[in-house]
Amino acid sequence: MTAEDIVNLALRRSLFFPASEIYSNSPSGFWDFGPIGTKMRFKVLDFWRKNLVESLGFLEIHGAQILSEDVFRASGHLSNFADPIVKCKKCQTVFRADQLIQEHIGSTVAESLSTPELDSLIQKHQVPCKKCKSKEFENVRKFNMMMGIDVGATGQQKGYLRPETAQNIFVDFARVFKTSRKNLPLGIAQVGASFRNEIAPRNTLLRERELGQMEIEVFFNPKKINEVSDFGLVQDYKLNLLLQGKKEVSSISCKESVEKNIVSGKLIAFYLAKVQQVYSGYGFPSDKIRFRELDKDERAFYAKETWDFEVKTSHGWIELIANNYRTDYDLGRHAEGSKQDLSVTEDGEKFIPHVFEISAGIDRTLYCLLDTTFIREKRGQGERVILNLPVQVAPYLCAVFPLMTKDGLQEKGKEIFQNLLGYHLDVLLDEKDAIGRRYARIEEIGVPFAVTVDYDTLQDQTVTLRYSKTTEQKRVKIADLPELLWKLSIGKTTFETI
Ligand code: GAP
């Protein structure tokens, strides 16, 4: 399987495709999702919501995408959210400087290098322009990735599209905390679009300019970083940790990671465990996931400790989640910028809460799921493509296929479909084409089950239930379908045991 296979599947089935694609000059880095892609994206975030937000007792908000300039002055994004760029003097192409050097010399270039340091590296290694091969570049300069907008008719008020959904959460923290009547630690989550004027958007959903994020900010009392009531549940759970300077992943229990000061406290180990458990639940195999510890030079400007959750794909290791210990940086900066009191009082002591952040990309998660579950199999003379998605993140649970559109089969199919919908089961109805083609169509988008309505159905009120992964079929009663499919959807039964 190659990256091209994923793009072909995405375009063939309209999972996702370039935004404004009928206009040839449209900017890159923006993607639209078709009906099936939208369902898949929804399933990805629904799984995250159930398992990382609701089950942990966290709260979710929905904030505006455009925020005041003051927010980003205080957060530091207006001054710090910049990448180094360099322009070729001959063909005028602009590159991200660190990446251009990196690709030429074949080893990592620290993001934190100053612009003169990057200039010297370009000189030293005689880095050529990737497009025209010239070695003449302008000086490296910083390019801020914030997307600004003039608000209102006067053009005098400036707003910015948020570069991370996290900022609404910080700005809204005091209000949400007070009105929720909850105690610390408190997680506040948000799902939505963020915007970054990326210099080189590429690899479809992996580097976008409009990106979907699912973020959680856990606010806590720093003095109680080791007071985690449920720590016992994860203390022996092994985290896949790639420690700074190491080449191999170490399997280290949460307890040991705290005792050896590998993480700053139990709270961090606890949430890393939750992340690893939930992402294993998405179906990412254990040997393809890891937390990579970032060194000081690689971390974002607000982070004291960062564990990037990465997945091994056909593009190599891809970061899906930034797990950042942001300390009191954000609330402190916003308290100063807004002159509002954002502190909390606990045990008679007033303090600015610290934050541990779990910042995941929706679209990257979806892309990596496609990448890691895509299978091409021999089938007779030909081959079949199957997405081996876990049931929980499949776009639909089951397809209903009337064998024919005559002799009452179509009506029976519709009746079964409507009945299953009535049980809130995620089903689709497809009446077109030969049955083999219909099976192939659902296999390549990861729908695990299909119900076929045939002539026997009209006689004995049974249907064929087919399991896409194995192509195995079993005869089941229509009356049993709702409960059976529900049990299959939550793992209470398996196809083998029917
Ligand atoms: N609030 C912290 C934050 O935004 P980040 O590492 O910049 O941290 C978090 O982004 C996650 O958002 C990444 O791990 C990735 O999944 C996703 N992401 C970031 N930039 C992206 C881009 N240009 N395109 C697609 N996803 C992106």
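The values are calculated or read from the model by the stated rules, or taken from the named source; none is laboratory data. It should be emphasised that the depicted structure is a prediction, and the values quoted were computed from it without experimental measurement. Cβ coordinates were reconstructed from backbone atoms using ideal geometry, including for glycine residues, and neighbour counts include every protein chain displayed. Only protein heavy atoms, including side chains, enter the accessible area calculation; ligands, DNA and RNA are left aside. Shrake-Rupley method; radii C 1.70, N 1.55, O 1.52, S 1.80 Å.
Annotations for the structure displayed:
- Radius of gyration and maximum dimension Dmax of the stretch 274-315, Cα, Å: 12.1, 32
- Percent carbon-and-sulfur accessible area, the chain, ignoring ligands, DNA and RNA, probe 1.4 Å: 47
- P(r) weight above 18 Å for the stretch 345-465, C-alpha pairs, percent: 63
- Kirkwood Rh and Cα Rg combined as Rg/Rh, the chain: 1.01
- Across the stretch 419-458, Cα-Cα pairs more than 16 Å apart make up 44 percent of the total.
- Two-decimal ratio, the stretch 410-498, of alpha-carbon radius of gyration to 2.2 N^0.38 Å: 1.02
- Kirkwood Rh (inverse of mean 1/r, distinct Cα pairs), the stretch 163-308, angstrom: 17.2
- Residues of type lysines that Lys130 reaches as a straight line, Cα spacing below 24 Å, ignoring anything fewer than 8 places off in the same chain: Lys87, Lys89, Lys90, Lys142
- Average Cα contact separation per residue, the chain, under 8 Å, 6 or more apart, as relative contact order %: 12
- Magnitude of the charge dipole, the chain, Cβ model with Lys/Arg +1 and Asp/Glu -1, debye to 20: 740
- Convex hull volume per residue in cubic angstrom - Cα atoms of the stretch 114-245: 260
- Packing around the peptides 187-194, 457-464, 431-438, taken as the average count of other Cβ atoms within 10 Å per residue, puts them in this order, highest first: 187-194, 457-464, 431-438.
- Pairs from the list Lys274/Lys304; Lys274/Lys312; Lys182/Lys339; Lys39/Lys414; Lys39/Lys158 with a Cα-Cα gap above 31 Å: Lys39/Lys158.
- Averaged over its residues, the chain has an accessible area of 48 Å² per residue, based on protein heavy atoms and a 1.4 Å probe.
- A Cα-only calculation for the stretch 1-91 places Rg and Dmax at 19.2, 57 Å.
- Charge dipole of the stretch 2-147 about the Cα centre (unit charges at C-beta), most positive-ward option of Ser28, Cys91, Ile66: Cys91
- Measuring from each cysteine beta-carbon in the chain, the ones with no other cysteine beta-carbon under 4.7 angstrom are Cys254, Cys368, Cys398.
- Ranked packing of 404-410, 311-317, most packed first, by mean Cβ within 10 Å: 311-317, 404-410
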